[in-house]
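Encoded as structure tokens, the structure appears first; notes follow it.
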Amino acid sequence: MTSRAPFAATWWGKQWIEALERIDINTNRLGRGRSYARDGNVVSIKLEAGQIIARVKGRTRSPYSIRITLKRFSRPVMTKIIRLVADNPLIASQLSLGKLPEELLDTLERDGIHVLPQSWRDISSSCSCPDWADPCKHMAAVYYLMGREIDKDPFLLFNLRGVATGDLTGTAAHDTETRNKSTMPVPLFGPLRGIKGRPAPAEFGAPLAIPDFDFRSLLGLLPDRPLFYPAEDFKKLLIAAYAQASTRAASVDIADEAPHLLKMADFRLIFPAKGPGVPHVFVSPPETAKLVARGKGPSPVTMDIPVEQEGSVCMAKARGSIFSLGEVFSYFQSIPLQTGLDGASATARFMSVLAQASLSLIKAGAYLPEPVDGADGEFSIRYVPCKGHHPVEEIIAAAGSIMPAGMGFQRGKRRILAAHAVEELFSLGVSATLRLILSADTRFSADKIASVFFTDEGAFVPERFDERAAGATVRNWLDRFASLRGDIAPVIKIGESKGDYFTLEILAENKKDAVSPPLSLDTLYAAGARIFERPAHEVRASIARQAALAGEHLPELKTVLAGKGSAAVLIGMERMGEILSRHAPFFETIGVRFLLPKALKNLLKPELTVAASSPATVRYLNLDSLLNFSWEISIGGERISGKEFARLCKEAAGIVRFKDKYLLLDPDEARKIIERLARPPRPSTPVAALFAALTGELQGIAVRPDTALKKLIDSFSSTLNAARPSGIAATPRPYQERGFDWLYSNLARGLGCCIADDMGLGKTLQVIMVLQKLKDEGLLGNAALVVCPTTLVGNWSREIERFAPGLRVSIYHGTEKARKWKGFDIVITTYGLVRRNETLFGTREWDLVVIDEAQNIKNPSSDQSAAVKKLKAVRRVAMSGTPVENRLTELWSIFDFFIPGYLGPLRGFKADFALPIERYRDEDALAKLKKATAPFILRRLKSDKTIISDLPDKIVSDCYCPLTPEQAVLYEQVVASALRKIEESEGIERRGLIFQLITHLKQICNHPVHFSGRGDLAPGISGKAGKTMELLERIVEHGEKALIFTQYRRMGEMLEKMIARHAGEKTLFFHGGLVRAARDRMVKRFQDGGEKILIISLKAGGTGLNLTRATQVIHYDLWWNPAVENQATDRAYRIGQKSAVQVHRLITMGTFEEKIDGIIKKKQELADLAVSAGETWITEMSNRELKEIFSLG
């Protein structure tokens, strides 16, 4: 089929065709070859030894052979060409970029040098066909198709004249040599000997959010249709890959929480022995492999890895599993960013930062492709961060500060990764992540070239003769980016001129020399041997090359460069507006800065704002109907109407004089503003209006409140002066009274809220005060519902009975009927019962719903969360010491309970807040979220000086734990059997049986396995064990340390196993079986920052120890001797303790533990007796008293 495609598409190809047609105008011989060329009769065309050799089909079986040569330039002419190129920095720099500039043809012709043939005498040709004509139709066909060959490589015209491409571009040779030197690899590994460990900063401080990079403009610097990819325009494919990767990187969700195992996991990069290459990752110890493995995972291996010991790095054997870099990155990109060392090991934190930063770079498009040469024409592609971009440089520097010594090593060698290798790791990270993201799209793996760029980390291996040049062609194509990575850079200086004009000049600066001022271009070309302490020709070549590259976007730079800076270019107002709005931001990102006059530094820009006004009095929950939103345009603080702005845009564009200042009118931005004015959005709900008012933003546009609305917003930072509730049997501390005022004020405004005080600050008392206040005001007619974990039901009942005895309480255990709630002020139940009895709880409207430990609804998609949120209530309060345990979606879920819809739909919250903050530490998103949530969350910490001044030195809390069904069965069996034996005995035997019963019941209350010696060692079958896990989770989350006291060594060993298995924490166990030296080492380790939990056998460690690093004390089983208990507590609460100590006394509800504790508290004389007699007094009780004490209930 005949092809009608043109014979030339580029300027140079067309010049060739036009030149031939000019010299053929009288002979008319070329026309005979058109159809031959289009019909595919030309079998091959190639350049060999300076001549075109082609084969064309004819009437014979074998194709005809054709040779075409052009008259070669003489040596003097070639010398003249080189001199003309060298004297023109614009042409020389474009040639060094691999581009044959059109200006070169005119420059040479002005000096009488003709590259294109002027007559048939300039061409010598022959054909093996019998046709005597010159050119015959076979030669004519080749002449036409040479246009397409010149399209691919315009330097072919000079090659036919005897000028090698290398000779023509040789004027830039010094620049190329300099760049080659600067890009030579710095050794990445160093010997292990003498390497010291580096103390890791406690926090990684740099935000990972990178502003979107204009990668389309960046990749636009590359020439179209590179020769190595004839199938299509590879530049378009590269841009499509960037766009696809950016979109997919932005949508990668955080699917998992960071597990406890991350604290003990170690990640080391294993590099091949022969060179850098792509590393694998060694993950140890073996039990941590499940973090990364999808399924079974690789079998563990043993190998030598670098570890830090006593301040030095040495090799040590470790056992673990080996994963690909992509597998490890995929894991870390699925969990929140780890910035500290509380939740992750030092190597895990570094891998987390590296993985998330790589994703951020890809999302922003702030990276460049770079070829890596191999042997025999092989090459591979890696991607490197755009280092000239300040946010990128900041991230790399911060990552370098947290990289552990020995983070990577060469397998089989005692050589470890050098500290400066962090840049190489970023390149590896971006490359691995990009390929992971693009691997599923077949467009990017359609052939060998596409695969090596986008999906395959291996090298391109040439298999055919025509593939051997691919590596060199790819390098030439990408070589343009090399100039963007140097320290020498152009500066674009804008000056003011007469009339409505500005001037544009090129300066040169050394980025590493902050003292020396930039040099003008004319000074640069007039300078002597050295500039910026470097050879002058290198500096000139580098500046010319970069200016020519920038000139692809800003042609005015080419004019300045061609004149060697002898004169500035004049720029009109409209064009200057275009330069500042479209080009300047892009140039700044690639390290080319603009130097602006003062008038343009303070350039005015139109801003769309929302003026929000409200009546003098307004209720919070009808803000959407009462707020008046009017859309305005602000210019330098002066407001103009939409019509005035539209008229201004119609009359002018670019830089406009506006009241003695300059105004930038970007047509695209102006159009967007006018379109928004035509369809102004409004808040759709009351809470959306409230969100806009508090954040000062509506759909990305600033909200400007009037005086009345400002007053309304300010009211959220103040509380109402409410009278204290009656009948509270407690003296609240000042901070608790402030907490009551805050809770009551929010509820009085008709808004829910969350009290999130630190553990131990008395959240329950503050809420009880609110409950009593509501009753005082007659607002509990429909009762309040308290929903809490099973372990806290007893606590709530007893705290209300203790602090507000006037409140009538009903506990719903799941069997009672709802009618029994009539006449009660408060109903207490559990999350599980609300979930299982949705109809029962959801059909009535409660005056108040309180959810304690609100993190129980942290999963937005759980049935439990849905059931709680369906509860109908006039008022809602959430309580949680940890409103965000792992993910920001937990905060959204809690807000969705007490102010439904306020934080928007979950999908939008993830995109606007959760991902930017958790993955990139986006400070703007975090600030906006804080502004939105601050009025509705009260969070006070024990470490706050304003709080700690109100606190006692020691806070003692009784934690009432339920008896599980497994415990209850054992308890009743043991009591029934023991009491029968006790009734039949007397004297010493009777006392012995009572002591035995006490021991057995204590063991049952501790854990069924503690009594039986067999069974499942799970926290869920023991109320105390479950409560301990809850407490430890919060203690560790807050970065505190804890002591756990138990009377029994066996129970201590069980706690060790349970805590390791279910809380992921290593513990220390201080008991009587330890020798003195081991005890001392254990105490030192705990005090010096080792493990966070120390289990202590009460007899072994109840006295004499100094453990002031602990701020939390858990008495797992009670001694019933206040003196002994206090002595144990005083291991932490003593001189040297700088924080308040929180003491948790675990008591099993309904058992002899609760009853005996009550007796001791009520009868001080028994407490005094217990000081000397221990538990002996119990043995003196009558059988009836023993039955009452030991029976359940």
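The values are calculated or read from the model by the stated rules, or taken from the named source; none is laboratory data. All figures in this text were calculated on a predicted structure; none of them were measured in a lab. Don't worry about glycine lacking a Cβ; one is built from the backbone with ideal geometry, like all the others, and counts go over all protein chains shown.
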Query raised in the report: Just wondering, is there one or more residues in segment 396-406 that are within 23 Å of PHE587 (Cα to Cα), in the same structural domain as PHE215 (by TED's automatic domain parsing) and under 19 Å from the mean Cα position of the chain (by Cα)?
Result: yes
Report summary line: Filtering segment 863-897 for residues that are out of contact with any strand residue (DSSP E or B) (no Cβ under 7 Å at 6 or more places or on another chain), closer than 23 Å to GLU1037 by Cα and among the small types (Gly, Ala, Ser) leaves a count of 3
Query - Positions within segment 734-747 being buried (at least 17 other Cβ atoms within 10 Å of the Cβ) and more than 22 Å from LEU848 (Cα to Cα), in sequence order - result: TYR735
Query raised in the report: With (1) surrounded by 17 or more Cβ atoms within 10 Å (Cβ to Cβ); (2) at pLDDT below 85; (3) part of a helix (DSSP H, G or I) as the list, and GLY166 as the residue in question, which single condition is left unmet?
Result: (1)
Report task. Of the conditions (1) farther than 30 Å from THR60 by Cβ; (2) at pLDDT below 85, PHE158 clears all except one; give me its number. Result -> (2)
**Report entry** Single match in GLY297, GLY326, GLY277 (criterion: in contact (Cβ under 8 Å) with a residue 12 or more places away in the chain, at positive phi and not assigned by TED's automatic domain parsing to the domain that holds LEU915)
**Finding:** GLY297
Query raised in the report: Looking at segment 645-661, which of its residues are within 14 Å of LYS605 (Cβ to Cβ) and either assigned to a strand (DSSP E or B) or assigned by TED's automatic domain parsing to the domain that holds PHE502 (or both)?
Result: GLY654, ILE655, VAL656, PHE658, LYS661
Requested in this report: Restricting attention to segment 853-888, report how many residues are in contact with a Leu (Cβ under 7 Å, 6 or more places away or on another chain), crowded, with 19+ Cβ neighbours inside 10 Å and among the β-branched types (Val, Ile, Thr).
Outcome: 1
Report task. For segment 476-487, indicate whether the set of residues that are farther than 27 Å from ASP224 by Cα and either crowded, with 16+ Cβ neighbours inside 10 Å or charged (D, E, K, R) (or both) is non-empty. Result -> yes
**Report entry** Positions within segment 680-718 being of a type in the set (D, E, K, R) and either crowded, with 20+ Cβ neighbours inside 10 Å or part of a helix (DSSP H, G or I) (or both), in sequence order
**Finding:** LYS710, LYS711, ASP714
Report task. Kindly indicate whether any position in segment 386-397 is part of a loop (DSSP other than H, G, I, E, B), in contact (Cβ under 8 Å) with a residue 40 or more places away in the chain and touching an Asp or Glu at 6+ places or on another chain (Cβ under 8 Å). Result -> yes
**Report entry** Residue list for segment 402-441, filter: in a helix (DSSP H, G or I) and under 19 Å from ILE322 (Cα atoms)
**Finding:** LEU425, LEU428, GLY429, ALA432, THR433, LEU436
Query raised in the report: Does segment 916-930 contain at least one residue that is touching a Lys or Arg at 6+ places or on another chain (Cβ under 8 Å) and hydrophobic (A, V, I, L, M, F, W, C)?
Result: no
Query - Scope segment 431-461; condition surrounded by fewer than 18 Cβ atoms within 10 Å (Cβ to Cβ) and in contact with an Asp or Glu (Cβ under 7 Å, 6 or more places away or on another chain); matching residues - result: ALA459, VAL461
Query - Those strands (runs of 3 or more DSSP E) lying entirely in segment 801-882 with at least 3 residues of a type in the set (Val, Ile, Thr) and either over 17 Å from PHE895 (Cβ atoms) or in the same structural domain as MET769 (by TED's automatic domain parsing) (or both) - result: 826-830, 848-851
Query raised in the report: Could you say whether any residue in segment 1051-1060 is of a type outside the set (A, V, I, L, M, F, W, C), closer than 15 Å to ASN1006 by Cα and touching a residue at least 60 places away in the same chain (Cβ under 8 Å)?
Result: no
Query raised in the report: Among the residues of segment 48-74 satisfying the criterion of being within 15 Å of CYS136 (Cα to Cα) and at pLDDT below 90, which is surrounded by the most Cβ atoms within 10 Å (Cβ to Cβ)?
Result: GLY58
Requested in this report: Can you tell me which residue among VAL77, VAL85, VAL115 is in a loop (DSSP other than H, G, I, E, B), surrounded by 15 or more Cβ atoms within 10 Å (Cβ to Cβ) and at pLDDT 85 or above?
Outcome: VAL115
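Quick check: is even one residue across segment 343-357 over 19 Å from VAL422 (Cβ atoms) and either out of contact with any Lys or Arg (no Cβ under 6 Å at 6 or more places or on another chain) or modelled with pLDDT under 95 (or both)?
yes
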Query raised in the report: For segment 521-552, what are the residues that are assigned to a strand (DSSP E or B) and either surrounded by fewer than 17 Cβ atoms within 10 Å (Cβ to Cβ) or charged (D, E, K, R) (or both)?
Result: ARG530, ARG534, PRO535
Report summary line: How many residues of segment 218-242 are in a helix (DSSP H, G or I), touching a residue at least 40 places away in the same chain (Cβ under 8 Å) and aliphatic (A, V, I, L, M)? The answer is 5
Report task. Output the number of the condition that ILE800 fails; it satisfies all remaining conditions of (1) surrounded by fewer than 20 Cβ atoms within 10 Å (Cβ to Cβ); (2) more than 27 Å from PRO900 (Cβ to Cβ); (3) touching a strand residue (DSSP E or B) at 6+ places or on another chain (Cβ under 8 Å). Result -> (1)
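Residue by residue, here is whether (1) buried (at least 17 other Cβ atoms within 10 Å of the Cβ); (2) within 30 Å of LEU888 (Cα to Cα); (3) of a type in the set (S, T, N, Q) holds:
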residue	(1), (2), (3)
PHE204	yes, yes, no
ILE210	yes, yes, no
PHE213	yes, yes, no
TYR229	yes, no, no
PHE234	yes, no, no
ALA241	yes, no, no
SER246	yes, yes, yes
ALA249	yes, yes, no
ILE254	yes, yes, no
Query raised in the report: surrounded by fewer than 21 Cβ atoms within 10 Å (Cβ to Cβ), touching a strand residue (DSSP E or B) at 6+ places or on another chain (Cβ under 9 Å) and at pLDDT below 90 - does that describe any residue in segment 768-790?
Result: yes
Query - Inter-residue pairs, beta-carbon under 9 Å, first farther than 23 Å from PHE73 by Cα and of a type in the set (S, T, N, Q) and in segment 121-140, second modelled with pLDDT of 90 or more and not in a loop (DSSP other than H, G, I, E, B), 6+ apart - result: SER128/TYR64; SER128/SER65; SER128/ILE66; SER128/HIS138
Report summary line: Restricting segment 30-47 to residues that are buried (at least 17 other Cβ atoms within 10 Å of the Cβ) and of a type in the set (Val, Ile, Thr), the one farthest from the chain's Cα centre (by Cα) turns out to be VAL42
Query raised in the report: Hey, PRO555 hits all of (1) surrounded by fewer than 18 Cβ atoms within 10 Å (Cβ to Cβ); (2) farther than 30 Å from ILE701 by Cβ; (3) at pLDDT below 90 but one; which does it fall short on?
Result: (3)
Query raised in the report: Can you tell which of LEU580, LEU557 is within 34 Å of the chain's Cα centre (by Cα) and either in a loop (DSSP other than H, G, I, E, B) or within 14 Å of ILE494 (Cβ to Cβ) (or both)?
Result: LEU580
